[in-house]
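What follows is one structure encoded as structure tokens, with my remarks underneath.
The values are calculated or read from the model by the stated rules, or taken from the named source; none is laboratory data. Everything quoted here is computed from the prediction, not taken from an experiment. Neighbour counts run over all protein chains shown; Cβ positions are idealised from the backbone, glycine included. These area figures cover heavy atoms from the full protein model, side chains too; ligands, DNA and RNA do not enter into them. Shrake-Rupley method; radii C 1.70, N 1.55, O 1.52, S 1.80 Å.
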Amino acid sequence: MADVCDIDAHRRRVAAEAAASDYTDQEAEEHAREVGVPPRPMETKNEIDARGAFCRQANAFIQPFGDKAGDLKAEANRYVLYWAKGCNWSNRPAIAKDLLGLDKVIGNVLCTSTGDSNKYGHGFRDQPGHKDPFTGAYFLSEFYQKARPGFKGRATTPTLVDVIEKKAVNNDYHRLTNYLEVQFRPFQPKDAPDLYPKKFRREIDQLNDWLFPHINNGHYRMAFCQSLEAYNESFDDFYDSMDKLEKRLETNRFLFGDYVTDSDIRFFVTLARWDISYFRNVGPVKHRIVDYPNIWGYARELYNIPAFKKNTYLHDLAVGRGQSDMNKQIFADWNTRIAPQIDFDKLWASDGERAKLSKTPDEMFLRHPENESYEDYVSEISVCPWNDPDPARREAANPANSPLDQDASINPLKGLL
């Protein structure tokens, strides 16, 4: 555990990656011709609306896991999670998978860039031969082409791949953690935490579908938009939403009370990236995460849970990138000069004060009842409005799509969870 995010471990990873990453654009071009994959489409060219706002593409593979005919079936040793360190969407199922004890049931591969320019998107430059160790693929997009020949969108992380058939089966980050929590319950240890209590799924889904445009996609709305109007709209929306959650966490240890839920994972992955990574792409920030006393204490408490710490590579998120050799020497940015020297484990250490907000200060997770069966726990996972095929209805820059019954500053389950 201690070797995950400390400074020396980060430096060892960087050195190992540098030694093994002689992955040129020429090699990437050769692989792309060999397997017939097209270049990766660019968000800023293909996902911008008439107002200059970023409208994220719909998820391509949203077939649910379930027990009905046609549903995907939960199985051990059939699926592998492909994710990337910098991607908040894919960090979510990586954390959930570890929390739920599914690390030996579902495989795990970290994707990286391809070639010098990453023209072909996610690949496997850290693996021998620059190939996926499970299937021999060179690019994540190969799994998309296998599942849907002629696919023209972006291959994204997270993607759950059926490595027996070598095809993508689900990249729905809106609901993927819920499938792990519910449909993969038979494969979880007896004492696995209940991150998605059945009687509160409606409230959790509502908050999750509010977090998407207001918080999780807030960075991308600012980073990818092409107009001042769209930038100001997303800037104001993000910080207004942060103010509401800061108020909510004043009297709640976690978003819904005393126990960690699926929603806390979703909020955390944005918090972990804001001060050390996201800020580079959004311009002047109104507040840092450390400027929100309740949110900052909350984020640190979550980080110190092993599954969160293990899957949150703070040093790797903070490293500088994309500068010329001269700029690195003269005007090296903060991430290049200072971030590698920071002891993030020390910085993110929890002081334990937030435990006082809980009636169970020594227990952060709700546990399943002793005699609960799969049939007791299972339910059909709700349809996410952000997977709507109509771009106008899923427009990420439209916070009017909020599904909440009441203001986000209020915990509707206060005293219940």
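With a sphere of radius 12 Å drawn around the Cβ of L404, what net charge do the other residues whose Cβ falls strictly inside it have (Lys, Arg +1; Asp, Glu -1)?
Local net charge: -2.
Note down the relative contact order for the range 65-184 as a percent, whole number, built from C-alpha pairs under 8 angstrom at least six residues apart.
28
E27: net charge of surrounding residues, Cβ under 10 Å, Lys/Arg +1, Asp/Glu -1, itself excluded?
Local net charge: -4.
Excluding P186 itself, calculate the net charge of residues whose Cβ lies under 13 Å from the Cβ of P186, where each Lys or Arg counts +1 and each Asp or Glu counts -1.
-3
If you count only protein heavy atoms and use a 1.4 Å probe, how large is the accessible surface of S402, to the nearest 10 Å²?
The accessible area of S402 comes to roughly 50 Å².
With θ set to phi - 60° and the Karplus curve 6.51 cos²θ - 1.76 cosθ + 1.60, what are the ³J(HN,Hα) couplings of the range 38-46 in order, to the nearest whole Hz, using x for Gly and Pro?
Here the 3J(HN,Hα) series is x, x, 6, x, 9, 4, 6, 10, 10 Hz.
Going highest first, how would you order 361-373, 202-214 by mean Cβ packing within 10 Å?
Most protected by this proxy first, the peptides run 202-214, 361-373.
Rounded to the nearest 500, what is the chain's calculated 222 nm mean residue ellipticity when only DSSP H runs of at least 4 contribute -39500 (n - 2.57) each, over all residues?
-10000 deg cm²/dmol
Can you pull out the trypsin sites (Lys or Arg not before Pro) in the range 31-112 that DSSP calls coil and that have at most 16 other Cβ atoms within 10 Å?
Passing sites in the range 31-112 are R51, K68, K73, K104.
Go through K131/K152; K247/K356; K119/K286; K45/K119; K104/K414; K199/K310 and tell me which ones have a Cα-Cα distance over 24 Å in this structure.
Listed pairs above 24 Å: K119/K286; K104/K414; K199/K310.
Using alpha carbons only, how many angstrom separate the centre of the range 288-306 from the centre of the range 122-137?
About 35 Å separates the Cα centre of the range 288-306 from the one of the range 122-137.
Just one of (i) 44, 24, 19; (ii) 36, 31, 19; (iii) 31, 27, 23 is semi-axes √(5λ) of the Cα gyration tensor in Å calculated from these coordinates, so which is it?
Checked against the structure: label (iii).
How large is the charge dipole for the chain, taken about the Cα centre, if only the Cβ atoms of Lys, Arg (+1) and Asp, Glu (-1) carry charge, to the nearest 20 debye?
The calculation lands at about 320 debye.
Please give the contour-minus-distance gain from E363 to Q341: 0.36 nm per residue of separation, less the Cα-Cα distance, rounded to one decimal in nm.
4.6 nm
Beyond 21 Å, what share of the Cα-Cα pairs of the range 116-189 remains, rounded to the nearest whole percent?
Above the 21 Å cut-off, the range 116-189 has 35 percent of its Cα pairs.
Below 8 Å, C-alpha to C-alpha, sequence gap of six or more: please give me the relative contact order for the chain in percent.
23
What are the aspartates and glutamates whose alpha-carbon lies under 20 Å from the alpha-carbon of K146, with same-chain residues fewer than 8 places away excluded?
Result set, ordered by chain and number: E29, E30, E34, D71, D132, D162, E165, D172.
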